[in-house]
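The values are calculated or read from the model by the stated rules, or taken from the named source; none is laboratory data. None of these values were measured; they are calculated from a predicted model. Cβ sites come from the backbone with ideal geometry, for glycine too, and all protein chains shown count toward neighbours. These accessible areas exclude ligands, DNA and RNA; they are computed on the full protein's heavy atoms, side chains included. Shrake-Rupley method; radii C 1.70, N 1.55, O 1.52, S 1.80 Å.
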Amino acid sequence: MLYDIGRVDTSGRVANSDIVEALRWRPGDKLEMILSQGAIVIRVSPDGLFSVPHRPRIFIPARARRRHAIRPGDQVLLVAAPDYGIVIVYPLSVVDEMIARYHSTDSVPELA
């Protein structure tokens, strides 16, 4: 797994050559997007509706940005699973919620 935090530009792109290279995505590869509760999954698919851009970037389509309230300038967590050819995009507000939930449970040891 690879992790990085990137800033979304006005066109919905997040610059990240390390993740794109690790995924072995090439410009023009067709991608599909799967929207889930709090996350966007992007993977190669012959029936994909958008393509890998020429520069090494992760593209977040407008529909996904609207659904997850991602605006230009926002930062997102990129989680790549190269063995599966996917990247999962999490808005930082979702990451904040996951961390708060984790630390609010009784099963987490207290910090000294």
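Summed over segment 2-28, the residues that are assigned to a loop (DSSP other than H, G, I, E, B), surrounded by fewer than 17 Cβ atoms within 10 Å (Cβ to Cβ) and on the phi < 0 side of the Ramachandran plot give a count of 5. Taken as a whole, the structure places ASP29 among residues that are more than 22 Å from PRO72 (Cα to Cα) and not hydroxyl-bearing (Ser, Thr, Tyr).
Candidates are the residues of segment 40-84 that are open to solvent by 20 Å² or more (accessible area, probe 1.4 Å) and within 14 Å of ALA22 (Cα to Cα); the one that is modelled with the lowest pLDDT is PRO56. Among the residues of segment 29-39, those that are in a strand (DSSP E or B) and either open to solvent by 10 Å² or more (accessible area, probe 1.4 Å) or among the small types (Gly, Ala, Ser) (or both) comprise LYS30, GLU32, MET33, ILE34, LEU35, SER36, ALA39. Close contacts from segment 1-20, counting a first residue that is among the polar types (S, T, N, Q) and a second that is surrounded by fewer than 16 Cβ atoms within 10 Å (Cβ to Cβ) and part of a loop (DSSP other than H, G, I, E, B), with Cβ to Cβ under 6 Å and a gap of 6+ residues or different chains, come to THR10/PRO72. Taking every residue in segment 74-89 that is charged (D, E, K, R) and pairing it with any residue that is surrounded by 17 or more Cβ atoms within 10 Å (Cβ to Cβ), at least 6 positions away or on another chain, the pairs with Cβ-Cβ distances below 9 Å are ASP74/VAL8; ASP74/ARG65; ASP74/PRO91.
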